[in-house]
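Worksheet: one structure, shown below.
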Amino acid sequence: MSEDRAARLAAIAEQVKHCKLCRLHEKALNGVPGSGNVQAEILFIGEAPGEQEDKQGLPFVGRSGQYLDYLLNLIQIKRDQVFIANVAKHRPPENRDPLPDEIAACKPYLDQQIEIIDPLMIVTLGRFSMARYFPTGKITALHGKPRYDDRRAYYPLFHPAAALRTPALRIDMEADIKRIPEILEEVKKLRQARSTPPTLPPAQNDNDGTPPQQPKLF
Ligand code: URA
């Protein structure tokens, strides 16, 4: 099962490496498909690779990544327990925002990664990944508020780079991160409740041989 997931994710990574579906591959050094635990309960989705990620072909390995590690450490979660991906899988020139058609070109890769990993929780980092699940609304209003569907929780957070740029955001960022374990527990309960058949009241042995009687109404 996990080998099957690993093989399918590796096949996507290979496609990303050679992807020419949008212009971003022209200036990028490496595709950054995403990496982590193929059985992760939590999938983090960021924006797009930066300089370090482009050099190494790995997500969140620069300053934002160091801050993400610090945040994960606050809830005793290690990188190798989670999966991390981005909405755009090649670095935009000069770290500009990814354009809608570039995000759209990458969407099938990310959709498949989500389908394969089937995480309990998708944590979006920044407004571009938030827009996948919360197409309207501002991150300043929506961050830290989970939404649940029948499979998982979607949890929008600020982007770590935004919190590095604006120290005031770190208070919210850290408070939001600390709610992840509680939200994860909630999803586990919801999935458990859905997979457990409703319990019937205990059968009553009232078959004493007499024919059933119509209950008296008056
Ligand atoms: N910022 C992102 O959104 N993704 C990365 O992988 C690195 C920095």
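Derivation of every value follows stated rules applied to the coordinates shown; laboratory data play no part. Small disclaimer: the values here were computed from a predicted structure and weren't measured. Cβ atoms come from the backbone with ideal geometry, glycine included; neighbour counts cover every protein chain shown.
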Mind telling me which of the residues Lys20, Lys55 ends up being among the basic types (Lys, Arg), over 30 Å from Glu186 (Cβ atoms) and assigned to a helix (DSSP H, G or I)? Lys55
Within segment 77-106, how many residues are in contact (Cβ under 8 Å) with a residue 12 or more places away in the chain and part of a helix (DSSP H, G or I)? 10
Among the residues of segment 147-170, how many are part of a loop (DSSP other than H, G, I, E, B) and surrounded by 20 or more Cβ atoms within 10 Å (Cβ to Cβ)? 3
How many residues of segment 60-109 are of a type outside the set (Gly, Ala, Ser) and either in contact with a Cys (Cβ under 7 Å, 6 or more places away or on another chain) or under 25 Å from Arg179 (Cα atoms) (or both)? The answer is 27
Would you please name the residue that is surrounded by the most Cβ atoms within 10 Å (Cβ to Cβ), looking only at residues in segment 65-76 that are in contact (Cβ under 8 Å) with a residue 12 or more places away in the chain and more than 17 Å from the chain's Cα centre (by Cα)? Tyr67
If only one of Pro135, Pro92 is more than 26 Å from Arg191 (Cα to Cα), more than 13 Å from the chain's Cα centre (by Cα) and not aliphatic (A, V, I, L, M), which one is it? Pro92
Quick check on my filter: what residues within segment 26-43 are closer than 19 Å to Leu157 by Cα and near the ligand (Cβ under 9 Å from one of its atoms)? Gly34
Please work out which one of (1) of a type outside the set (Gly, Ala, Ser); (2) within 14 Å of the ligand (Cβ to nearest atom); (3) surrounded by fewer than 18 Cβ atoms within 10 Å (Cβ to Cβ) is the condition Thr136 fails and give its number. (2)
